[in-house]
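What follows is a single structure, written as structure tokens, with notes after it.
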Amino acid sequence: MSTEPKKGFTLVEMLVVISIIVMLAGMILPVLSKARRKGVETECKSNLKQFGSALELAKTDNNERLPGRLTNLYPSYCDNKELFICPADITNGKEGGKPDSDEKKDWESDGDETIEKGLKINSSYFYEFSEVECKWNFEFVGSAEEITGDPDGKPTWNQVKYYQLRHGDDWSRDIEHFFYPEDRFPVVRCFWHVFNTNVQRDKIIKNLAFSGRVFESPTKWEDGAFNN
Ligand SMILES: [Zn+2]
């Protein structure tokens, strides 16, 4: 008696195979996406570290002052345009450095160098020391005259931030520190990781500190920078 050799799979066998594949994918995909997220974060932190070194070099050529724009580092102090793009930034630097919030409009007009006309390259990063006028309420830091040395002076973000770093502000005077430590005072910030992770949004801004240290903080760094 001859038996027909079995051809192909039965429906039940196919379903078993498919369900095993689905189960394995369910186990592997979260691991892969977590690994990818870690890779993206590592690359962003590496960009921030490199900005730290480039800014140090720029300072020595600029009377120990930080440059007026982060993108001024290109090409003399940093000849790689890729460095200005965080891999978590889905717009490749076109949206600028403060993409995540309803405050966007304010930040664009006040401090975001990437929105200004005449920009040479795109950037995903927010620069705190921009040489643009600070239209923010800086009175809690000091008077315009204290900050600029001119009774009619209009402080730039660069001036306000240096003043805040050296003299503190109403907020830092209220707590135990009179002024801000250089290793917790952000110079460059990345806001793009809020789109890239489901961890608590408040804890994931990546910062390059004035001292060159890279650290994470809440959006309002003054609230949490003292804790890590
Ligand atoms: Zn980033």
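Considering only residues that are within 16 Å of the ligand (Cβ to nearest atom) and touching a residue at least 40 places away in the same chain (Cβ under 8 Å), look in region 72-84 and name the one that is surrounded by the fewest Cβ atoms within 10 Å (Cβ to Cβ).
Across region 72-84, the extreme among qualifying residues is Lys81.
Does Lys120 satisfy the criteria of being at pLDDT below 85 and outside any loop (DSSP other than H, G, I, E, B)? Walk me through how you get there before you give the answer.
Details: at pLDDT below 85: yes; outside any loop (DSSP other than H, G, I, E, B): no.
The answer is no for Lys120.
If I ask for residues that are assigned to a loop (DSSP other than H, G, I, E, B) and crowded, with 23+ Cβ neighbours inside 10 Å, which ones from region 142-157 would you list? Spell out the reasoning first.
Initial filter on region 142-157 (assigned to a loop (DSSP other than H, G, I, E, B)): 142-143, 149-155.
Selection gives Pro155 alone.
Which residues, taken from region 38-68, are more than 15 Å from the chain's Cα centre (by Cα), surrounded by 12 or more Cβ atoms within 10 Å (Cβ to Cβ) and of a type outside the set (S, T, N, Q)?
Correct list: Ala54, Leu55, Glu56, Leu57, Ala58, Lys59, Arg65, Leu66, Pro67, Gly68.
In the list Pro67, Pro87, which residue meets the criterion of being away from the ligand (no atom under 16 Å from the Cβ) and either at pLDDT 75 or above or farther than 22 Å from Thr219 by Cβ (or both)?
Values: Pro87 fails: away from the ligand (no atom under 16 Å from the Cβ).
Going through Pro67, Pro87 in turn, the sole match is Pro67.
Do you know which residues across region 186-218 are away from the ligand (no atom under 14 Å from the Cβ) and either modelled with pLDDT of 80 or more or in contact with a Ser or Thr (Cβ under 7 Å, 6 or more places away or on another chain) (or both)?
Val187, Asp202, Ala209, Phe210, Ser211, Gly212, Arg213, Pro218, listed by residue number.
The values are calculated or read from the model by the stated rules, or taken from the named source; none is laboratory data. The structure presented is a predicted model; accordingly, all values stated were derived computationally and were not measured. Glycine also receives a Cβ, built like all others from the backbone with ideal geometry; neighbour counts cover every protein chain displayed.
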